[in-house]
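Here's the structure, in structure tokens; my notes come after.
Taken together, the values in this text are just the output of simple stated rules run on the coordinates, not laboratory data. It should be emphasised that the depicted structure is a prediction, and the values quoted were computed from it without experimental measurement. Methodologically, a virtual Cβ is constructed for each residue, glycine included, from the backbone with ideal geometry; neighbour enumeration extends over all protein chains shown.
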Amino acid sequence: MKYISTRGTDKNITAKEAISQGLASDGGLYVPETIPTLNQPLEALLKLPYPALAKAILQPYLNFSEDELTACVDKAYAPSRFTHPKIAPVTTPLENEDNIHFLELFHGPTLAFKDMALSILPHLLKTSAPTEELVILTATSGDTGKAALEAFCDIDNISIAVFYPEKGVSPIQKRQMVTQEGDNTHVFGVQGNFDDAQTGVKKIFSDPNLVKDMAQMGKSGKKFSSANSINIGRLLPQIVYYFYAYGQLVEKGSIQTGDPINFSVPTGNFGNILAGYYAKKMGLPIRKLICASNDNKVLYDFFQTGVYDRNREFHCTISPSMDILVSSNLERLLFHVTDAKSVRKMMEDLNTQGRFECQAKTPDFYGVHVTEAETRQAIFEAAQKGYIMDPHTAVAYYAGQRYIKETGDNTPQVVISTASPFKFAADVLDALKVSGEKCGDTEDDTAAIRILSENSGMPIPKAIAQLAQLPVRHTIVCSVDDMEKTIREQVL
Ligand SMILES: *Cc1c(COP(=O)(O)O)cnc(C)c1O
């Protein structure tokens with residue numbers, strides 16, 4: 001499989017080159033030239049355990065040897081890294097709603113779905129560029145930072161630096177990051193918001209002096225790389241769990257092989273749901289991909305009108321990992337439904353006017369906007385029916401219900417569950433209308449977590465329970481202007 005840039009300049013790129021470079025030289029994203037179709041019957045694939053399925057799905061995309069791919073997959077999806085033996089289990093927990101299933105992607109080390117792809121990314125990178133000394137630079141609004149730190153911790157010849165907005169992450173998210181272990185990990189607070197941190201990181205990436213200086217460092221030079229979802233190495237591993245969910249529904253007898261299903265996906269950067277689109281194009285019987293947006297509903301508007309417009313107010317919601325106005329991975333979908341020339345024009349319009357228009361149809365997707373009140377209502381109602389969900393999952397659950405009402409389509413539905421409710425305990429409790437101690441304003445959410453556990457009967461996940469005992473290892477906070485200096489002094 002060869003890769004090309006969505007903007008058309010880079011062609012004939014190998015998977016290893018695409019993964020180690022991250023972004024294409026023309027500013028576009030790498031996509032496979034064609035989406036491969038299955039080379040074996042679906043039936044056979046569906047019986048495989050997660051690591052073997054991951055191997056089968058990834059193989060046509062990667063120019064890796066069999067041994068290389070096996071090693072990557074086995075390290076990433078080792079049972080010890082996940083707290084559930086199935087790694088990504090499907091549950092059908094709601095009373096009287098046998099048709100609504102949940103694919104739980106939060107049983108990894110950091111309790112959010114980012115673990116699914118970030119667990120394997122370091123190994124894909126290492127295999128793609130075995131001798132390079134890499135410095136992974138990431139700005140995070142919460143979940144990506146911790147998942148990347150955990151994934152790259154103690155990987156030889158790679159160091160990782162994460163910048164988070166000092167006042168823009170949840171108490172648990174901050175605590176998870178500042179207690180990160182590993183000699184090769186660095187975590188810095190930024191005096192600014194997520195956009196400031198993100199812009200600062202992009203500036204460091206393309207600073208010619210810094211890049212030149214780094215070429216002189218270490219044994220044969222150091223290079224920056226990225227752990228966010230512009231890297232194709234983060235997108236591809238996400239295709240796997242769509243197949244895996246389907247297989248579990250067949251195994252439970254909820255569907256038969258060949259029957260269509262729908263997925264409802266809580267969406268921010270459009271990475272998760274795009275992997276679902278790839279799964280569909282590969283041959284998985286998916287009828288609709290329901291794109292669930294919170295109040296930052298650029299994607300909902302786009303699927304309604306064909307106009308993408310980021311000129312709008314930014315909303316801070318209780319599903320912060322979806323608070324995003326520029327969904328980078330949409331560029332990949334645009335390429336698949338139009339061509340490089342059109343993508344160049346659309347991205348230029350986005351750059352200069354903050355908006356663009358796309359004429360092409362996108363019948364695989366159905367956009368739904370879910371308000372804050374509806375998100376809380378969804379958490380409350382699902383809890384009444386026996387399932388406690390986090391706010392991101394609640395957006396997708398509500399969107400799936402709205403989809404059924406609007407279309408009458410009762411196809412079995414899988415809601416993608418992207419985070420443990422314990423990660424957002426205070427907001428979950430608030431939605432559940434649990435009164436009692438004031439719990440939303442403690443340093444580290446300890447009270448909220450305890451009350452949530454007591455009320456739900458669910459044990460506190462170990463990754464959260466142990467946080468209070470871990471020493472704080474990362475205390476540096478810098479201004480946006482000092483980010484480069486911080487990297488030079490602390491990381492290189
Ligand atoms: C990142 C994230 C999302 C959004 O996923 P995208 O791939 O950015 O669309 C949803 N929920 C949680 C918990 C996340 O961490």
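General remarks:
- Remark: relative contact order (the stretch 369-492) = 20 percent; criterion is Cα-Cα distance under 8 angstrom and separation of 6 or more residues.
- For Asp98 and Lys361, the difference between the fully extended length at 0.36 nm per residue and the C-alpha to C-alpha distance is 91.5 nm.
- Using the alpha-carbon positions of the stretch 125-165, Rg (one decimal) and Dmax (whole number) come out as 10.7, 33 Å.
- At full extension, Asp195 and Asp156 could sit 11.0 nm farther apart than now, given 0.36 nm per residue minus the alpha carbon distance.
- Structural descriptor for the stretch 106-239: relative contact order 31 percent, calculated from alpha carbon pairs under 8 angstrom and at least 6 residues apart.
- Within the stretch 332-368, backbone nitrogen closer than 18 Å to the virtual label 7 Å beyond the Cα of Asn311 toward Cβ: 346-358
- Net charge, Gly168 excluded, C-beta distance under 12 Å - Lys, Arg +1, Asp, Glu -1: -2
- Label zone of Glu43 (point 7 Å out along Cα→Cβ, amide N under 17 Å): in the stretch 280-310 this covers 284-285.
- Put a dot 7 Å past the Cα of Lys2, heading toward its Cβ, do the same for Asp259, and the two dots end up 4.3 nm apart.
- Annotation: amide H of Val190 within the under-5 Å range of Tyr164, Glu166, Cys478, sequence separation 5 or more or interchain, hydrogens built in the peptide plane.
- In the chain, helices alone account for a calculated mean residue ellipticity at 222 nm of -11500 deg cm²/dmol, with every DSSP H run of four or more residues adding -39,500 (n - 2.57).
- Rg and Dmax [Cα atoms of the stretch 183-342; Å; Rg one decimal, Dmax integer]: 19.5, 60
- Reduced Cα scattering model of the stretch 257-318, Debye log10 I(q)/I(0), q = 0.14, 0.20, 0.21, 0.23 Å⁻¹: -0.47, -0.82, -0.88, -0.98
- Computed over the alpha carbons of the stretch 82-229, Rg followed by Dmax gives 17.6, 64 Å.
- Relative contact order for the chain, counting Cα pairs under 8 Å that sit 6 or more residues apart, in percent: 19 percent
- On the beta carbon distance between Glu454 and Asn410, with R0 = 56 Å, the FRET formula returns roughly 0.95.
- As a ratio to 2.2 N^0.38 Å, the alpha-carbon radius of gyration computed for the chain takes the value 0.92.
- Local electrostatic count at Val190 - Lys and Arg +1, Asp and Glu -1, tallied over other residues with Cβ under 11 Å: -4
- Of every Cα-Cα pair in the stretch 325-430, the percent that sits beyond 24 Å: 44 percent
- Coupling constants for the stretch 413-430 follow from the phi torsions by the Karplus curve (6.51 cos²θ - 1.76 cosθ + 1.60, θ = phi - 60°), and in residue order they are 10, 10, 8, 8, 9, 9, 8, 6, x, 5, 6, 10, 4, 5, 5, 5, 4, 4 Hz; glycine and proline get x.
- Sorting 480-490, 257-267, 17-27 by their mean Cβ neighbour count within 10 Å, with the most densely packed peptide first, gives 257-267, 17-27, 480-490.
- Sequence-distant aspartates and glutamates (8 or more away, or on other chains) whose Cα lies within less than 18 Å of Lys212: Glu132, Glu133, Glu484, Glu489
- The alpha-carbon atoms of the stretch 1-49, seen along their principal axes, cover 41, 18, 13 angstrom, with the largest extent given first.
- For peptides 371-381, 92-102, 327-337, sequence by mean Cβ density within 10 Å, most packed first: 327-337, 371-381, 92-102
- A straight chain from Glu181 to Ala71 at 0.36 nm per residue would run longer than the Cα-Cα distance by 37.2 nm.
- Using the alpha carbons alone, the radius of gyration of the stretch 30-166 stands to its Kirkwood radius in an Rg to Rh ratio of 1.00.
- Radius of gyration (Cα atoms) of the stretch 279-350, expressed as a multiple of 2.2 N^0.38 Å: 1.23.
- The chain: antiparallel DSSP beta bridges as a percent of all, rounded to 5: 25 percent
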